[in-house]
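To start, the structure under review is shown below, and the notes come after it.
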Amino acid sequence: MDWGALQTVLGGVNKHSTGIGKIWLTVLFIFRIMILVVAAESVWGDEQQDFVCNTLQPGCRNVCYDHFFPISHIRLWALQLIFVSTPALLVAMHVAYRRHEKKRRFRNGEKIDIEELKNEKFHIRGPLWWTYTSSIFFRIAFEAIFMYVFYYMYDGYQMPRLMKCSAWPCPNTVDCFVSRPTEKTTFTIFMLAVSGICMMLNLAELCYLVIKVCWKDSRKTT
Amino acid sequence: MNWGVFEGLLSGVNKYSTAFGRIWLALVFIFRLLVYVVAAERVWSDDHKDFDCNTRQPGCSNVCYDHFFPVSHIRLWALQLILVTCPSLLVIMHVAYREDREKKNREKNGENCPKLYSNTGKKHGGLWWTYLLSLVFKATVDMVFLYIFYRFYRNYTLPRVVKCELPPCPNVVDCFISRPTEKNIFTLFMVVTACICVVLSLVEAIYLIGKR
């Protein structure tokens, strides 16, 4: 089970997404998951080993590292990407349920082409519209929550070079140095910018869906 | 999601490219991506561990490393390779959009209606502009990254010794970079291939404009 498995699952949702949804999925896979796997993970790879404190006191470095990095950026991003991709599974489940219903009707005697059923693209109308819209809403909510968690946990998005630590068992106040702070700040800002872009895409998609439905309704009444 | 999957996504663009485009794609996959994955990554793998400063002051080597390597070559190349190959995805998406429109048109008007496009993959109309824009974008990305490398790492080379006097280092401290010659060779190689790719993209753009 790895990012590839997630890609397989979400690739299926691509068929039933709007144009903006497809762009969102592309941005997610290429600019977030791929960057995380090929670049960001190696920047954070040695973060605890190279977290150096100006003391020989055993345990001080461990305690200070744990105090300043309760959850590492990499793990938070992995969680964020998983949470942000899962609402799309709601749509996949709804589509699977509708296919199952059609198959059931076929078995009860109605004439349906099986091949066509497998490749049928469901239009985003009715209950599927509600599922799709709520999945976008959840995506936006999760993105915002994680952006806030990052801001709250790390006091902003910049990684300082030096942290002063006075947790026990460190004697008085000890200087601790983070490894590769500039590179980490660069990647944090990059991932934040791409999250922002994804959020804008989701908002645009939400507006598009709502306007489409309102326009259809107004056409029906006139 | 890794380089292999990304490569799979992009090989589809080969069908809709000109001859120059295919050469460009082969150059990027073989001389840039493959060299990056099998060789360059290993050369830089221990760059922080083996960055040695002539001092026992804790934190000095961290701070000096961060000062001389704001963003490591490897990460810049990963970003560059991803950004340089993405415009090809635009072309793939445009062709897919055309095919989708063609399909919808056939569904609406029946099988014998006149086709919207004589050939969805041929670079006419909107697709010509998308392709041209993707070429311009690719060349721009490569040039921007070449400039970034120049700004971060003077003359694209790394010295063997750097002198660092940032706190908490006491006075001036000598810091030694690991494998500088190997890193310089690979940096030069990647810079040369990037330049060739820029030239190829520009030649292809001129060829496309000339053909029209």
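Selection over segment B:18-46 of residues that are crowded, with 19+ Cβ neighbours inside 10 Å and either over 24 Å from B:VAL203 (Cα atoms) or of a type in the set (Ser, Thr, Tyr) (or both) gives a count of 3.
Quick one: would you say A:ILE189 is within 12 Å of chain B (Cβ to nearest Cβ), loosely packed, with under 15 Cβ neighbours inside 10 Å and in a helix (DSSP H, G or I)? Walk me through it before giving the result.
On the way: within 12 Å of chain B (Cβ to nearest Cβ): yes; loosely packed, with under 15 Cβ neighbours inside 10 Å: yes; in a helix (DSSP H, G or I): yes.
Yes; evaluated as a whole, the condition is true for this residue.
Residues checked against (1) touching a residue at least 40 places away in the same chain (Cβ under 8 Å); (2) under 29 Å from B:LYS211 (Cα atoms):
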| position | (1), (2) |
| --- | --- |
| B:TYR36 | yes, no |
| B:HIS48 | no, no |
| B:ARG56 | no, no |
| B:SER72 | no, no |
| B:ALA78 | yes, no |
| B:PRO87 | yes, yes |
| B:LYS103 | no, no |
| B:GLU107 | no, no |
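Scanning segment B:121-132 for residues that are surrounded by fewer than 14 Cβ atoms within 10 Å (Cβ to Cβ) and part of a helix (DSSP H, G or I) yields B:GLY126, B:TRP129. Name the residue that is farthest from A:PRO160 (Cα to Cα), counting only residues in segment A:6-21 that are under 15 Å from the mean Cα position of the chain (by Cα) and away from chain B (no Cβ under 12 Å). Selected residue: A:VAL9.
So that you can scan it fast, the table gives a plain yes or no per residue for (1) buried (at least 17 other Cβ atoms within 10 Å of the Cβ); (2) free of Cβ contacts under 8 Å to residues at least 60 places away in the same chain; (3) in a loop (DSSP other than H, G, I, E, B); (4) out of contact with any Asp or Glu (no Cβ under 8 Å at 6 or more places or on another chain):
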position: B:SER134; (1), (2), (3), (4): yes, yes, no, yes
position: B:TYR147; (1), (2), (3), (4): no, yes, no, yes
position: B:LEU188; (1), (2), (3), (4): no, yes, no, yes
position: B:VAL199; (1), (2), (3), (4): no, yes, no, yes
position: B:LEU202; (1), (2), (3), (4): no, no, no, yes
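Name the pairs: first residue in segment B:4-22 and touching a residue at least 40 places away in the same chain (Cβ under 8 Å) and farther than 13 Å from B:LEU89 by Cα, second residue surrounded by fewer than 19 Cβ atoms within 10 Å (Cβ to Cβ) and hydroxyl-bearing (Ser, Thr, Tyr), Cβ to Cβ under 9 Å, at least 6 apart or on different chains? If the second residue must be surrounded by fewer than 19 Cβ atoms within 10 Å (Cβ to Cβ) and hydroxyl-bearing (Ser, Thr, Tyr), the pairs left are B:THR18/B:TYR207; B:PHE20/B:TYR207. Within segment B:73-89, the residues that satisfy the criterion of being more than 10 Å from every other protein chain (Cβ to nearest Cβ) and either surrounded by fewer than 22 Cβ atoms within 10 Å (Cβ to Cβ) or not β-branched (Val, Ile, Thr) (or both) are B:HIS73, B:GLN80, B:PRO87, B:SER88.
Do we have any residue at all in segment A:40-57 that's outside any helix (DSSP H, G or I), farther than 19 Å from A:LEU162 by Cβ and within 14 Å of another protein chain (Cβ to nearest Cβ)?
Here is the first cut: in segment A:40-57, the residues outside any helix (DSSP H, G or I) are A:44-57.
From what's left, farther than 19 Å from A:LEU162 by Cβ: A:45.
Filter once more, so that each one left must be within 14 Å of another protein chain (Cβ to nearest Cβ): A:45.
Yes - at least one qualifying residue is present in segment A:40-57.
Just wondering, is there one or more residues in segment A:170-181 that are within 22 Å of A:ILE30 (Cβ to Cβ), of a type in the set (Phe, Trp, Tyr) and within 12 Å of chain B (Cβ to nearest Cβ)? Walk me through it before giving the result.
So in segment A:170-181, the residues within 22 Å of A:ILE30 (Cβ to Cβ) come out as none.
Checked segment A:170-181: no residue is within 22 Å of A:ILE30 (Cβ to Cβ), of a type in the set (Phe, Trp, Tyr) and within 12 Å of chain B (Cβ to nearest Cβ).
Considering A:TRP3, A:TRP24, which residue is buried (at least 16 other Cβ atoms within 10 Å of the Cβ), more than 12 Å from every other protein chain (Cβ to nearest Cβ), under 14 Å from the mean Cα position of the chain (by Cα) and not hydroxyl-bearing (Ser, Thr, Tyr)? Just one listed residue meets the conditions, A:TRP24. Considered as a group, the residues in segment A:121-174 that are of a type in the set (Val, Ile, Thr) and farther than 30 Å from A:GLN57 by Cβ include one that is farthest from the chain's Cα centre (by Cα), and that residue is A:ILE124.
Out of B:ARG151, B:ARG101, report the one residue that is of a type in the set (Lys, Arg), within 14 Å of chain A (Cβ to nearest Cβ) and under 30 Å from B:ASP47 (Cβ atoms). Quick ask: steps written out before the conclusion?
On the way: B:ARG101 fails: under 30 Å from B:ASP47 (Cβ atoms).
Of the residues listed, the single one that is of a type in the set (Lys, Arg), within 14 Å of chain A (Cβ to nearest Cβ) and under 30 Å from B:ASP47 (Cβ atoms) is B:ARG151.
A quick yes/no check of all residues on (1) more than 28 Å from A:MET191 (Cα to Cα); (2) in contact with a helix residue (DSSP H, G or I) (Cβ under 7 Å, 6 or more places away or on another chain):
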site	(1), (2)
B:LEU33	no, yes
B:ASN62	no, no
B:TYR97	yes, no
B:LYS115	yes, yes
B:HIS124	yes, no
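For segment B:154-208, which residues satisfy the criterion of being of a type in the set (Asp, Glu) and within 23 Å of the chain's Cα centre (by Cα)? Correct list: B:GLU182, B:GLU204.
Looking at segment B:149-164 only, could you name the residues that are part of a helix (DSSP H, G or I) and on the phi < 0 side of the Ramachandran plot? Working first, answer last.
Going residue by residue through segment B:149-164, those that are part of a helix (DSSP H, G or I) are B:149-152, B:154-156.
Residues satisfying the conditions are B:PHE149, B:TYR150, B:ARG151, B:PHE152, B:ARG154.
Restricted to segment B:49-72, and to residues there that are part of a loop (DSSP other than H, G, I, E, B) and under 17 Å from B:THR157 (Cα atoms), the residue that is farthest from the other protein chains (Cβ to nearest Cβ) is B:PHE51. B:PHE29 meets all of the listed conditions (1) assigned to a loop (DSSP other than H, G, I, E, B); (2) more than 19 Å from A:MET159 (Cα to Cα) but one, namely (1).
Values quoted throughout were computed directly from the atomic coordinates according to the rules given, and no laboratory measurement underlies them. The structure presented is a predicted model; accordingly, all values stated were derived computationally and were not measured. With ideal geometry, Cβ positions are generated from the backbone for all residues, glycine too; neighbour counts draw on all protein chains shown.
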